[in-house]
Amino acid sequence: MNRFCLILFGPPGSGKGTQAKLLRQRMAWPHISTGDMLRDHVARRTDLGVQIGEMMQSGKLVPDEMVNRLVEVRIAEPDCGRGFILDGYPRTIPQAGMLEKLLAAKGFTPVVVYLEVDYNRIVARLAGRRLCPVCGALYSLASNAPEISMVCDYDGATLVIRDDDREEVIRERLEAYDRQTLPLLDYFRKSGYPFHGVEASEGSPQAIAGRIEAVLPQPGSQASKGMASE
Ligand code: AMP
């Protein structure tokens, strides 16, 4: 296949961020998380950050034009030339349309991996999620706890709960997913781009990463639009 980008698709709490970090190391591709980019703007209080702070805190999606612009600029950077991993983007049909145009112009094919996770597990996972504010490492109290409670294994920073991992916001995020993002499943399936469902409820993060790698196109393979989907 020509160059491709990996779209990690799934509800909040399905493990997109964790998988993107593991695959980034294995594939040596940049990990592009729109959530991380937006949080960075909020933390730095840029013009964009000031406009979106409240939306993000309440679990609502940020307007398409704002996110599209960030992605357009980011994927034009030289480190994205061989391929890249998208985590949390696209999240609406207009975003997917925009991405499709950008990728076509760069000669990239999108490969979609849908992380399939049971809803009850998602709520439990999100509520037990802890974040290192320094290096961005994600922990799960249930399946991937830090060695010392509330302390990052990598840099010793005190872990935090993301504002939008509070229970009432989790509900709003899942509703936003159902309303605005779930319709993308159909869109991707009909697009004819490679689409793979991967079971992401059971097994260690490493085992799930292995399942994802197993469905990715081999470098140089001829597969492109119309490849079998699951
Ligand atoms: P995430 O870290 O991907 O769960 O994203 C956290 C929050 O950032 C979301 O709840 C949205 O408010 C915002 N966000 C991230 N990615 C997008 C996107 N592609 N479109 C709109 N809003 C987004």
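No lab work stands behind these numbers, since they all come straight from the coordinates. All values reported here derive from a predicted model rather than from experimental measurement. Counting neighbours? That spans all protein chains shown, and the Cβs are built from the backbone with ideal geometry, glycine included.
May I ask for the angle, rounded to the nearest 10°, between helix 205-215 and the longest principal axis of the chain, with both axes built from Cα atoms and the value confined to 0 to 90°? The angle comes out at about 10 degrees.
For region 56-61, backbone phi angles converted through the Karplus equation (6.51, -1.76, 1.60; θ = phi - 60°) give residue-by-residue couplings of 5, 5, 9, x, 8, 7 Hz, Gly and Pro being listed as x. Each Lys and Arg contributes +1 and each Asp and Glu -1, all at the Cβ; summed about the Cα centre of the chain, the dipole is approximately 500 debye. How many percent of the alpha carbon pairs in the chain exceed a separation of 21 Å? The share of Cα pairs beyond 21 Å in the chain comes to 56 percent.
Our coupling estimate for region 70-82, obtained by passing each phi through the Karplus curve with A = 6.51, B = -1.76, C = 1.60 and θ = phi - 60°, is 4, 5, 4, 5, 5, 7, 7, 6, x, 5, 8, x, 8 Hz, Gly and Pro reported as x.
Per-residue Karplus couplings for region 121-136, computed as 6.51 cos²θ - 1.76 cosθ + 1.60 with θ equal to phi - 60°, are listed in order as 5, 4, 4, 5, 5, 5, 5, x, 8, 10, 10, 7, x, 8, 9, x Hz, Gly and Pro entered as x.
Amide H to amide H distances under 5 Å link Gly197 with Tyr114, Glu230, where only residues 5 or more positions off or on other chains count and H is placed in the peptide plane.
Roughly how far apart, in whole Å, are the Cα centres of region 81-149 and region 21-60? Between the Cα centre of region 81-149 and that of region 21-60, the gap is 11 Å. Of the beta bridges in the chain, as assigned by DSSP with both residues counted there, near 25 percent are antiparallel. Ordering Val73, Gly10, Leu102 by the projection of their Cα atoms onto the charge dipole of region 1-135, which places +1 on the Cβ of Lys and Arg and -1 on the Cβ of Asp and Glu, puts Gly10 at the extreme positive end. Taking a straight Cα-Cα cut-off under 21 Å and skipping sequence neighbours fewer than 8 places away in the same chain, the lysines within cross-link reach of Lys60 are Lys16.
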